[in-house]
Structure formats: structure tokens, C-alpha cells
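J.: Below is a structure I'd like to ask you about.
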Amino acid sequence: MTQPPRTEDLPVTAVDEHAHAWSPRAARARFRDGLAGPTAGVAAGHTQANLISVPADWAYDMLLFWQRNPKPCPVLDVTDAGSPSTVLAEGADLRTDLPRYRVWRDGELVEEPTDVRAHWRDDLVSFLLGCSFTFEWALARAGVPIRHVEQGRNVPMYVTTRACRAAGRLRGPMVVSMRPVPAEHIRAAIRESSLLPAVHGGPVHCGDPAALGIGDLARPDFGDPVALAPGDIPVFWACGVTPQAAVTASRPPFAITHAPGQMFLTDARDEQYRLVGIV
């Protein structure tokens, strides 16, 4: 099984101590002006999204891959070919309004710019997928500590040995994000995240990372290592970096994605995706 390269992510710093109070529009404006960094904790209460843009002749395979693998790839919006706009954020530009991007050619990562206008093509179809940063507010309200935010780190992400269901020319492993959760808060973490299936929903695994083929929590494939406090249990959620693993494994001629942990801020409120009538 082909895995994405263990590229060294750029140094991570908190984007701003007041970022939780920004509106999504204000956050996008700052990112458009060149601010970069992980978006965990930015624009509290608003939905964050993963981005992947591919040539139109790959779009059906991508959409089929998402449909067959909804846990790591929950679709929030699909754009028209060549359009840099989305119904999820009025006036936003998908070419400039993320903190950092990744540019891929034939499955190889070639650049990590903060603006992809120079790389944009009229045939690109963009997919916005739900992001687990969205449910962190629900976890925090339920008393679950968010260790990577506490430690000023990007969330750690790992390539697993669980294969996604192939679709057309696309294949690849599932990627997961990990959050250490105190044992007494596991039930709340599962409950709160499960109420938001559009942003990955409940965990795919709790406990021994070896069950997912992860050998060392201190060596994430993306993001930063996060320290576990005494009594913490590693909890793993399906992750929207999974499409980047599929790009590496399947080698489409061109793709643009977000940089891991540096997401698109939408105008949508988290509660729009929360299941109701369920206790």
C-alpha cells in the first residue's frame, strides 16, 4: 500500500490569541493577506472544511470515492468547474482564502503556497469536505479537553493500514486525527462528535494505536505530536487528509488541497450540521 510522503510540515504557531472571536469573513481576510497557521479554535461556532480541487475528468471518480467513504470524506459542497466560489461562504475565494495550500503533480507534493491563483485552472472542480475541528467546540462545551489547542499545536494525523473502498482510479488508506481524551470523558466525546456526522462524526477507534497500524504516536504523518496527560486515552477520528493520501496513491496529474490543519472557514454555523431530536 502506497503511503503519502512524510514531508516535514512548516512550523506551527497559534494564528492569533483572539482568533476564536473572529468572524469567518475576518478570518478569511487575514488568510488572504498572508497569515498562515492551524485553524483549530478560529471563528468559534463556524464550520471548517477541507479542500481538494482536481481536473474535471477526475471529478466523477472523486465524487464516487467520497460516496463510498463518507466517514473520512463527508461532502459539504461541490463547485462548478473553474469556479473559485462556494455557497458555504459569500464572497470567498477558494484560491486565496485558506492559510496554506498544497499543490500536487502526478501524486507528488511540489509546493505549499499561501495563494494558488498562479496554479488555478479553468477545469478544476473543488470539493469541500467536513472537518473535525468543527466538533471541537461541542467537545469543549461537554468538558472534554482539547489537548492540541491547550498545547498550541496542530492536531496530529496518521496514515492507517485501513484501506478506503476504491472508486474508479482512486484508492488509498484512511487517515485519522488523534485527540487524547481522559477516560472519564470518552462517552461525552463519542456522543458529541457522533451528533455531527457531516464533519466525520464519532471516532473510528479508541485505545491502542497499533490496531490502526500506527507504530508511534510521537511521529505523526501530518501535524504535530501532542502530549497525553496521565489517564488520557488516544481517540481517533477519520480525517479529511484522506484525499491527500488518495492523491499520493492514485497519482492524478494535478490537484490542489489545503495544508493539513489549515482549513477553509465557512459562514455556516456548526448547529446547521448537528443532528436534532437525539439525546
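The values are calculated or read from the model by the stated rules, or taken from the named source; none is laboratory data. In this text the structure is predicted, and so the values were computed from the model without any measurement. Counting neighbours? That spans all protein chains shown, and the Cβs are built from the backbone with ideal geometry, glycine included. Side chains are part of the model used for accessible areas, which takes the heavy atoms of the whole protein and leaves out ligands, DNA and RNA. Shrake-Rupley method; radii C 1.70, N 1.55, O 1.52, S 1.80 Å.
J.: Which numbered condition in (1) assigned to a loop (DSSP other than H, G, I, E, B); (2) within 18 Å of the chain's Cα centre (by Cα) is the only one that R165 fails?
T.: Status for R165: all satisfied but (2).
J.: Give region 201-231 a look and list any residue that's open to solvent by 20 Å² or more (accessible area, probe 1.4 Å), within 12 Å of V181 (Cβ to Cβ) and touching a residue at least 40 places away in the same chain (Cβ under 8 Å), or say none.
T.: If the condition is that a residue be open to solvent by 20 Å² or more (accessible area, probe 1.4 Å), within 12 Å of V181 (Cβ to Cβ) and touching a residue at least 40 places away in the same chain (Cβ under 8 Å), then L228, A229, G231 are the ones that fit.
J.: Hey, another quick one. Identify the single condition in (1) open to solvent by 10 Å² or more (accessible area, probe 1.4 Å); (2) in contact with a strand residue (DSSP E or B) (Cβ under 8 Å, 6 or more places away or on another chain); (3) part of a helix (DSSP H, G or I) that M62 does not satisfy, given that it satisfies every other one.
T.: (1)
J.: In this structure, does V149 turn out to be open to solvent by 40 Å² or more (accessible area, probe 1.4 Å) and within 18 Å of the chain's Cα centre (by Cα)?
T.: Working: open to solvent by 40 Å² or more (accessible area, probe 1.4 Å): yes; within 18 Å of the chain's Cα centre (by Cα): yes.
Taking the combined requirement at face value, the residue satisfies it.
J.: Ok, one more. Restricting attention to region 67-76, does a residue exist that is in a strand (DSSP E or B), of a type in the set (D, E, K, R) and modelled with pLDDT of 95 or more?
T.: Applying the first criterion (in a strand (DSSP E or B)) to region 67-76 yields 75-76.
Still in the list and also of a type in the set (D, E, K, R): none.
The answer is no, given that none of the residues of region 67-76 is in a strand (DSSP E or B), of a type in the set (D, E, K, R) and modelled with pLDDT of 95 or more.
J.: Separate question: A246: modelled with pLDDT of 95 or more, surrounded by 24 or more Cβ atoms within 10 Å (Cβ to Cβ) and not in a loop (DSSP other than H, G, I, E, B), yes or no? Steps first, please.
T.: Details: modelled with pLDDT of 95 or more: yes; surrounded by 24 or more Cβ atoms within 10 Å (Cβ to Cβ): yes; not in a loop (DSSP other than H, G, I, E, B): yes.
Judged against the criteria, A246 is a match.
J.: Here's a check for you: in region 173-186, which residue that is under 17 Å from the mean Cα position of the chain (by Cα) and not charged (D, E, K, R) is most open to solvent (accessible area, probe 1.4 Å)? Outline the logic, then answer.
T.: At the first step, the residues of region 173-186 found to be under 17 Å from the mean Cα position of the chain (by Cα) are 173-179.
Narrowing further to those that are not charged (D, E, K, R): 173-178.
Working: P173: 1, M174: 28, V175: 0, V176: 0, S177: 1, M178: 1 Å².
Among those that are under 17 Å from the mean Cα position of the chain (by Cα) and not charged (D, E, K, R), it is M174.
J.: Quick one: is T114 open to solvent by 10 Å² or more (accessible area, probe 1.4 Å) and either within 17 Å of H258 (Cβ to Cβ) or among the charged types (D, E, K, R) (or both)? Break it down stepwise before answering.
T.: On the way: open to solvent by 10 Å² or more (accessible area, probe 1.4 Å): yes; either within 17 Å of H258 (Cβ to Cβ) or among the charged types (D, E, K, R) (or both): yes.
Yes: the conditions hold for T114.
J.: Given the residues L139, L129, L94, which is the only one that is open to solvent by less than 50 Å² (accessible area, probe 1.4 Å), touching a helix residue (DSSP H, G or I) at 6+ places or on another chain (Cβ under 6 Å) and aliphatic (A, V, I, L, M)?
T.: Details: L129 fails: touching a helix residue (DSSP H, G or I) at 6+ places or on another chain (Cβ under 6 Å); L94 fails: touching a helix residue (DSSP H, G or I) at 6+ places or on another chain (Cβ under 6 Å).
Exactly one residue qualifies, and that residue is L139.
J.: Restricting the search to region 121-138, which residues are over 15 Å from the mean Cα position of the chain (by Cα) and either closer than 26 Å to K71 by Cα or free of Cβ contacts under 8 Å to residues at least 60 places away in the same chain (or both)? Break it down into steps so the answer makes sense when it comes.
T.: Start the filter on region 121-138 by keeping residues that are over 15 Å from the mean Cα position of the chain (by Cα), which leaves 121-125, 137-138.
If the condition is that a residue be over 15 Å from the mean Cα position of the chain (by Cα) and either closer than 26 Å to K71 by Cα or free of Cβ contacts under 8 Å to residues at least 60 places away in the same chain (or both), then D122, L124, V125, W137, A138 are the ones that fit.
J.: Please give the number of the condition N154 fails out of (1) touching a Pro at 6+ places or on another chain (Cβ under 9 Å); (2) at pLDDT 95 or above; (3) within 30 Å of R251 (Cα to Cα); (4) in a loop (DSSP other than H, G, I, E, B).
T.: For N154, the exception is condition (2).
J.: Follow-up question, since we're still on this one. Please list, ordered by first then second residue, the pairs with beta carbon atoms under 7 Å, 6 or more apart or interchain, first in region 20-48 and surrounded by fewer than 20 Cβ atoms within 10 Å (Cβ to Cβ) and of a type in the set (S, T, N, Q), second modelled with pLDDT under 95 and not in a helix (DSSP H, G or I).
T.: S23/A43
J.: With the structure loaded, tell me whether R121 is modelled with pLDDT of 95 or more and in a loop (DSSP other than H, G, I, E, B) or whether it fails that test.
T.: yes
J.: Can you say whether D267 is of a type outside the set (A, V, I, L, M, F, W, C) and assigned to a loop (DSSP other than H, G, I, E, B), as far as the supplied structure shows? Can you show your working first?
T.: Values: of a type outside the set (A, V, I, L, M, F, W, C): yes; assigned to a loop (DSSP other than H, G, I, E, B): no.
The answer is no for D267.
J.: Tell me which residues, restricted to region 187-200, are open to solvent by 30 Å² or more (accessible area, probe 1.4 Å) and of a type in the set (A, V, I, L, M, F, W, C). Reasoning before the result, please.
T.: So in region 187-200, the residues open to solvent by 30 Å² or more (accessible area, probe 1.4 Å) come out as 187, 190-191, 194, 197.
Across region 187-200, the qualifying residue is only I190.
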